[in-house]
Amino acid sequence: MVNNMLQGKTILITGASSGIGRSIAKFYSQQGAKLIITARNLERLNETLNALEPNEHIALNADLSSVDSINQLMDNIYQQVGPIDGLVHCAGIMKTIPLQALKENDFDDSFAINVKSAQFLTKLLRKKGRFNRDGTSVVFLSSVAATCGEPANTTYAASKAALEGLSKSLAMELAKLNFRINCLAPGLVKTEMMLDFSKQLTEEQLFKIESKHPLGLGEPENVAHAAAFLSSDLSKWITGTTLFVDGGYSAH
């Protein structure tokens, strides 16, 4: 494995209090990055902070459902750190709800966290002086759900498909500023979110989904390794794409 692939980089990671976000933060710190980590749950965020390799890391509480809160977060980061080299947007919600039970607030909540926050984080990052003009990487956490349908998953799937469309247009618009915008699309990964999701399925439904992963279910570290590649200079000629990290799920 490559070592110190993120040495000298300062990177913002959202949703770092658990699951894939926490795993990405831990691996990035092992690869030499200085991190700004955010989440709504400050206690759990501090647990992540304490698990990182020593560096001048910063933990900031933030509610990314509010544009005002995102604006305050990005102002705070710029004041404390100055320009940064990258963003990994892991914050997101997954609501497994059959169509007949779906309420408007379920739809609005999903799009606010999964899509709107991504757009406004990037908008506020591209302000003058806040990004590295020699190269800035933005990675959005999508999902195989954006392209592979499953029952009771319509709003989550729609939000992730929107996120992938957003990334392609941002990649074209911001290339002149030397931004790279990419998505990661994990399959089913062994996290707390997966556990919550699995509780809403029958054993037969869960087995069917698990069997669609030829290489088995994923570990958070599998996604972290792929994210680090996209945040590093090893991927400096890659933008506007979605990298599937799904154990073969999307190959069906």
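Quick notes on this structure:
- Verdict on Lys123 being part of a loop (DSSP other than H, G, I, E, B), modelled with pLDDT of 95 or more and surrounded by fewer than 16 Cβ atoms within 10 Å (Cβ to Cβ): no
- Residue tally, condition farther than 26 Å from Ile97 by Cα, among the aliphatic types (A, V, I, L, M) and within 20 Å of the chain's Cα centre (by Cα), over the range 201-252: 8
- For the range 166-191, taking the residues that are open to solvent by 40 Å² or more (accessible area, probe 1.4 Å) and within 22 Å of Ser250 (Cα to Cα), the one that is modelled with the lowest pLDDT is identified as Lys190.
- Answer residue from the range 126-149, given it is within 19 Å of the chain's Cα centre (by Cα) and farther than 17 Å from Leu12 by Cβ and is surrounded by the fewest Cβ atoms within 10 Å (Cβ to Cβ) among those: Thr147
- When Ala157, Ala118, Ala145 are checked against the criterion of being closer than 26 Å to Val81 by Cβ, part of a helix (DSSP H, G or I) and of a type outside the set (D, E, K, R), Ala118 stands alone in meeting it.
- Taking the criterion of being open to solvent by 30 Å² or more (accessible area, probe 1.4 Å) and acidic (Asp, Glu), the residues of the range 214-252 that qualify are Glu219, Glu221, Asp233.
The values are calculated or read from the model by the stated rules, or taken from the named source; none is laboratory data. This is a predicted model, so every value here is computed, not measured. We place every Cβ from the backbone using ideal geometry, glycine too, and count neighbours over all the protein chains shown. Ligands, DNA and RNA are stripped out before the accessible areas are found, and what is left, the full protein with its side chains, is counted by its heavy atoms. Shrake-Rupley method; radii C 1.70, N 1.55, O 1.52, S 1.80 Å.
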